[in-house]
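*Asks:* Got a structure here, written out as structure tokens. Questions coming.
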Amino acid sequence: MALPEVKPGQTRIGWIGTGVMGNSMCGHLLAAGYPCTVYNRTREKAANLMERGARWADSPRAVAEQSDVVFTIVGYPKDVREVYLGEQGILAGARPGTVIVDMTTSEPALAVEIYEAAKAKGVHAVDAPVSGGDVGAREARLSIMIGGDEEVVRAIWPLFECMGKTIVYQGPAGSGQHTKMVNQILVAGTMISVCEALLYGYKAGLDLNTVLKSVSSGAAGSWTLSNLAPRMLAGNYEPGFFVEHFVKDMEIALNECRRMNLALPGLALVHQLYVALKAQGRGRNGTQALILALAELSRVDWKPQT
């Protein structure tokens, strides 16, 4: 199967999923000079991209018919399956030699299934989930974890460089998704630690903004502490990454654990706390809203810190 030669102004990009992160990611490719065709379930969420020159298509299939490389970043594995394998999906419209890249956090087994289905049609499939949230997407400094055939990944590397700073090839199909599960397990553990630490300081009567000056740059420092703790202190629970999507990610990881006969009790605990947060009507908040569920456990009247 021939590989595309990636060049601005020539390589036609398809983009499916223009939400919190996908909109910025596609925007970087437009800014780099790549012609883009976009699709999203809610057309209005792609309006700003079309104002910048992107073309609209009425289905994933129509996107694929007009593209050399198609990127997707959607919500859930069921959405990934429909977008790729449905009657109006990408593989129904992709020509031999097309490269398809799923950047959704999804199931490793589904990534392999899509890879095999694509290969049967002469299409190259790559799984490349990302980490870095809305800020990383806006600033083009995402971490991108990539699975698939290495020669295919190298061929489209310049496109990844438009969106991310830490770009690592992990291995064959599904390896990107497995790596993202490692990332999410780390995030889950760090998030609960940050929330518990802030609640401790709050209950002890400390000035938490001052506390952060002491602890953010030492051994306790982390991306979550530097980026999300200030949002918690400000009472800002707007999503960089939705609670309901993080619940989905942890469930994928726990399912993989069951398959591998692996016990991760810490992950299971954080998952249950996020399920409680979602049940409280906060599924569309950012993941930093976990502090509210933990505060409720001890009847702590958590309020923004001025």
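*Asks:* How long, wide and thick is the range 179-297, going by the Cα atoms along their three principal axes, in whole angstroms, largest first?
*Replies:* 45, 33, 24
*Asks:* In degrees from 0 to 90, rounded to the nearest 10, what is the angle of the helix 265-277 Cα long axis to the longest principal axis of the chain?
*Replies:* Compared with the principal axis, the helix lies near 90 degrees.
*Asks:* Something else now. Expressed as a whole number of Å, what is the distance separating the alpha-carbon centroids of the range 238-276 and the range 283-306?
*Replies:* Using only Cα atoms to place each centre, the spacing works out to 19 Å.
*Asks:* Moving to a separate point now. How high is the relative contact order of the range 154-306, given as a whole-number percent (alpha carbon pairs under 8 Å, six or more residues apart)?
*Replies:* Relative contact order comes out at 29 percent.
*Asks:* Charges at C-beta only: +1 for Lys and Arg, -1 for Asp and Glu. How large is the resulting dipole of the range 13-173 about its Cα centre, in Debye rounded to 20?
*Replies:* So the dipole magnitude of the range 13-173 works out to roughly 320 debye.
*Asks:* What's the ranking of 99-112, 159-172, 43-56, 65-78 by average number of surrounding C-beta atoms within 10 Å, highest first?
*Replies:* For the peptides 99-112, 159-172, 43-56, 65-78, the packing ranking is 99-112, 65-78, 159-172, 43-56.
*Asks:* Please list the equivalent ellipsoid semi-axes of the chain, computed as the square roots of five times the alpha-carbon gyration tensor eigenvalues, in descending order and whole angstrom.
*Replies:* 36, 20, 17
*Asks:* Measuring from a point 7 Å past the Cα of residue 251 along Cα-to-C-beta, which residues in the range 279-297 have an amide N at less than 13 Å?
*Replies:* In the range 279-297, the label zone of residue 251 (backbone N under 13 Å from the point 7 Å along Cα→Cβ) covers 279.
*Asks:* Output the peptides 199-207, 15-23 sorted from most to least packed, where packing is the average of other Cβ atoms within 10 Å over each peptide's residues.
*Replies:* The peptides rank, most packed first, as 15-23, 199-207.
*Asks:* Moving on. If you plug each phi of the range 50-58 into the Karplus form 6.51 cos²θ - 1.76 cosθ + 1.60 with θ = phi - 60°, what whole-Hz ³J(HN,Hα) values come out, in order, with x for Gly and Pro?
*Replies:* Each residue of the range 50-58 in turn: 5, 5, 8, x, 5, 9, 9, 10, 8 Hz.
*Asks:* Another question about this same structure. Give me the orientation-averaged projected area of the Cα convex hull of the range 177-245, in nm², one decimal.
*Replies:* If you wrap the Cα atoms of the range 177-245 in a convex hull and average its projections, you get 5.2 nm².
*Asks:* Is there a quick way to get the dipole size of the chain? I mean about its Cα centre, with the Cβ of Lys and Arg at +1 and of Asp and Glu at -1; what is the value in debye to the nearest 20?
*Replies:* Magnitude of the dipole: close to 460 debye.
*Asks:* So what's the range 96-217 giving for Rg/Rh, alpha carbon basis, Kirkwood Rh from the mean inverse pair distance?
*Replies:* Across the range 96-217, the Cα-based Rg/Rh ratio is 1.16.
*Asks:* Stick to Cα atoms and the Kirkwood definition of Rh, then tell me Rg/Rh for the range 13-173.
*Replies:* Computed over Cα atoms, the ratio is 0.92.
*Asks:* Okay, next question. Given the rule -39500 (n - 2.57) for each run of at least 4 DSSP H residues, summed and divided by the residues of the chain, what is its mean residue ellipticity at 222 nm, to the nearest 500 deg cm²/dmol?
*Replies:* Calculated mean residue ellipticity at 222 nm is -14000 deg cm²/dmol.
*Asks:* Let me ask another. What share of the DSSP beta bridges in the chain is antiparallel, in percent to the nearest 5?
*Replies:* 15 percent
*Asks:* While we're on this one: Given a cut-off of under 8 Å on Cα pairs at least six residues apart, what relative contact order in percent is computed for the chain?
*Replies:* 14 percent
*Asks:* Taking the Cα centroid of the range 11-33 and of the range 116-143, what is the distance between the two, rounded to the nearest whole Å?
*Replies:* About 12 Å separates the Cα centre of the range 11-33 from the one of the range 116-143.
*Asks:* In addition: Beyond 29 Å between alpha-carbons counts as too far, so tell me which of 121/278; 203/248; 278/303; 165/248; 45/180 fall in that bin.
*Replies:* The pairs that break the limit, which is 29 Å between Cα atoms, are 121/278; 203/248.
Just so you know, all these numbers are worked out from the coordinates, no wet-lab data involved. Please read these numbers as outputs of a predicted model, since none were measured by experiment. Cβ: placed from backbone, ideal geometry, glycine included. Neighbour counts: every protein chain shown.
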